Structure formats: C-alpha cells, structure tokens
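Computed from the coordinates by the stated procedures, all read-outs in this text should not be read as laboratory data. Predicted model, so just to flag it, every value in this text is computed and none were measured. Cβ atoms come from the backbone with ideal geometry, glycine included; neighbour counts cover every protein chain shown.
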Amino acid sequence: MLFVLGWFEKKNSEDKKQAPRSKFNAIYPKQDPYYGFFEDREKQMQTVGDAAAERYPDMTYDCALPQGWVDQCCDKGLDPRGHFVWLYDNFSGRPAPITKEGDRIVSLLALDP
C-alpha cells in the first residue's frame, strides 16, 4: 500500500515539473540582456580615470576615495564607489562626482542634515 502511494506522489510531482510554459514565453518574450550595450559600449565601458579626465581636465584628482567617507555614504544607503574621485582643488580635497549617479548622490548628501 505504501509503495503505491509513493509511486503516485512521485508521478504527480513529475507531471508538475513538466508542465508546459510555452504559452507564457509567447506572451512575455525573454528580453535581450545586451539591448543597447553594443551601441553605447565605449561610454559604458569608460574607466574612472577616463571619466574624471573628461569631466575635470587639467585638475589633480585621485581615484582612491577615503575609506571613512565611503563608509559614511554606505551607512546612508549610497554607494559612491565608481561614481566619485577625490578632487584636489584645495589643500584637503573633496569628493567630486564623475557620473550621473554621482550627481544624484551629491544631491542626496546635500539634503542630509
């Protein structure tokens, strides 16, 4: 008796696993993960140094950010890595955004008391 119940449960679970999903694929086709990548490849694959040289020409900057400042931003839910350089326009320097996301982070940090 137990053998028959075990076989029946196994048969039902195999039927559920092999349920056709083709009707959903016809309605919602799988998106191309590379859509738009090859058209803007050079802009998307820009290094931090290249983006900083383009945005702040003839200025001294460092791609390494102070860990204390990065930790404070991460505690607030903002990740500045890859979006900022440390710009030395005065003695101690300041964080300078190099991407649109960096501009958004600066605006959010300015609103934070």
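I want to check the label-to-label distance for ASP75 and LYS100. Put each point 7 Å from Cα in the C-beta direction and report it in nm to one decimal.
3.1
Can you pull out the chymotrypsin sites (Phe, Trp or Tyr not before Pro) in the stretch 54-113 that DSSP calls coil and that have at most 12 other Cβ atoms within 10 Å? Kindly include the intermediate steps, with their values, before the conclusion.
On the way: sites: TYR61, TRP69, PHE84, TRP86, TYR88, PHE91; in loops: TYR88, PHE91.
Within the stretch 54-113, the qualifying chymotrypsin sites (Phe, Trp or Tyr not before Pro) (loop, at most 12 other Cβ atoms within 10 Å) are PHE91.
For ALA110 and TYR88, FRET efficiency with R0 = 25 Å and r from the beta-carbon atoms, rounded to 0.05?
Numbers: r = 21 Å, r/R0 = 0.84.
The value I calculate is 0.75.
Hey, rough spin-label estimate for THR47 and CYS63, points 7 angstrom out along Cα→Cβ, what's it come to in nanometres?
0.5
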